[in-house]
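Visitor: So that we are looking at the same thing, I have put the structure below in structure tokens.
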Amino acid sequence: MSGLTNLLETKENRLCSVYFSSGFPKLDDTVEIIQSLDKNGIDFIEVGLPYSDPMADGETIQYTSSVALQNGINLDIIFDQLKKVKGTITTPLVLMGYLNQVLKYGEEKFCELCQECGVETVILPDLPMIEYENHYKALFAKYGISNVFLITPQTSDDRIRKIDEMTDAFIYVVASSSITGAKGEISQSQVDYFNRIKAMGLKSKLIVGFGISNKSTFDTACEYMNGAIIGSAFVNFLKDKGVDKIDEFVKGIIG
């Protein structure tokens, strides 16, 4: 049983994850950020793989990725950084990037290094379901890696149920049909969407992302789903206050 699987089976509600871009604000900050989030009680950490042509990222994440790439970050460096934290933390790590990064790096090599670093879960928003079924499902299984699919308000019930069947981690519930970024309070239409998903009685845990930016939106999301992911608000915090104040950010969300 993976660390994330164990977490999802033992903690039902208020799961809190934080996303950040590797290599931001500075190239070597990745290790300190992960260790600080681990120490301050984040349930699982989403490690972003900076990419020059993101499809799902808003202005804030694009900015942090651009800075990280200018700092010289790449997958070799990221995996070296993750090796340094292996054995020093108990918080599960999830890698979030894009399929082209995996293809260019080498699928087998990518999976081997995930396994070596103790990474058991990946999120590739642009991985087509049919490609997953025909190829990546077996490849990921070979290395003990779980794939996370995303759903949006426009995702059909049939597709959601199919995703639920293929999921052994969690379903990423995109809060709105948009790119990442803080968007104010959660709207009634989003609440209706959450209620629709909740009423489906899915087996998988449901974690909300995109637009969760403070304690209020986190608390509201957790009323309907099992937890939430905070990204843009956290990297903005890193930009403004630096990595040595991470405890302040976490306390402001989960107390």
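The values are calculated or read from the model by the stated rules, or taken from the named source; none is laboratory data. As the structure is a prediction and not an experimental result, all values here were calculated from the model. Note that each Cβ is placed from the backbone with ideal geometry, even for glycine, and that neighbours are counted across all protein chains shown. When the accessible area is computed, the model is the full protein with side chains, heavy atoms only, and any ligands, DNA or RNA have been set aside. Shrake-Rupley method; radii C 1.70, N 1.55, O 1.52, S 1.80 Å.
Visitor: Among (1) open to solvent by less than 70 Å² (accessible area, probe 1.4 Å); (2) over 30 Å from Y193 (Cα atoms); (3) in a helix (DSSP H, G or I), which single condition is H135 missing?
Guide: (1)
Visitor: Output the residues belonging to the stretch 66-89 that are more than 26 Å from S232 (Cβ to Cβ) and either open to solvent by less than 50 Å² (accessible area, probe 1.4 Å) or in a loop (DSSP other than H, G, I, E, B) (or both).
Guide: K86, G87, T88
Visitor: Can you tell which of E32, E46, E120 is under 30 Å from N6 (Cβ atoms), touching a residue at least 60 places away in the same chain (Cβ under 8 Å), open to solvent by less than 10 Å² (accessible area, probe 1.4 Å) and among the charged types (D, E, K, R)?
Guide: Going through E32, E46, E120 in turn, the sole match is E46.
Visitor: Turning to a different aspect of this structure: Can you pull out every residue in the stretch 1-15 that is crowded, with 22+ Cβ neighbours inside 10 Å and under 21 Å from T88 (Cβ atoms)?
Guide: L4 - this is the single residue of the stretch 1-15 that is crowded, with 22+ Cβ neighbours inside 10 Å and under 21 Å from T88 (Cβ atoms).
Visitor: Which of the helices (runs of 4 or more DSSP H) contained wholly in the stretch 194-255 include at least 3 residues that are open to solvent by 50 Å² or more (accessible area, probe 1.4 Å) and closer than 19 Å to G41 by Cα?
Guide: Per the criteria, 246-254.
Visitor: Just to verify a result, which residue in the stretch 164-174, among those that are in a loop (DSSP other than H, G, I, E, B) and either touching an Asp or Glu at 6+ places or on another chain (Cβ under 8 Å) or surrounded by fewer than 24 Cβ atoms within 10 Å (Cβ to Cβ) (or both), is modelled with the lowest pLDDT?
Guide: Result: D168.
Visitor: G144 versus (1) open to solvent by less than 30 Å² (accessible area, probe 1.4 Å); (2) in a loop (DSSP other than H, G, I, E, B); (3) not charged (D, E, K, R): which is the lone unmet condition?
Guide: Of (1) open to solvent by less than 30 Å² (accessible area, probe 1.4 Å); (2) in a loop (DSSP other than H, G, I, E, B); (3) not charged (D, E, K, R), only one is false for G144: (1).
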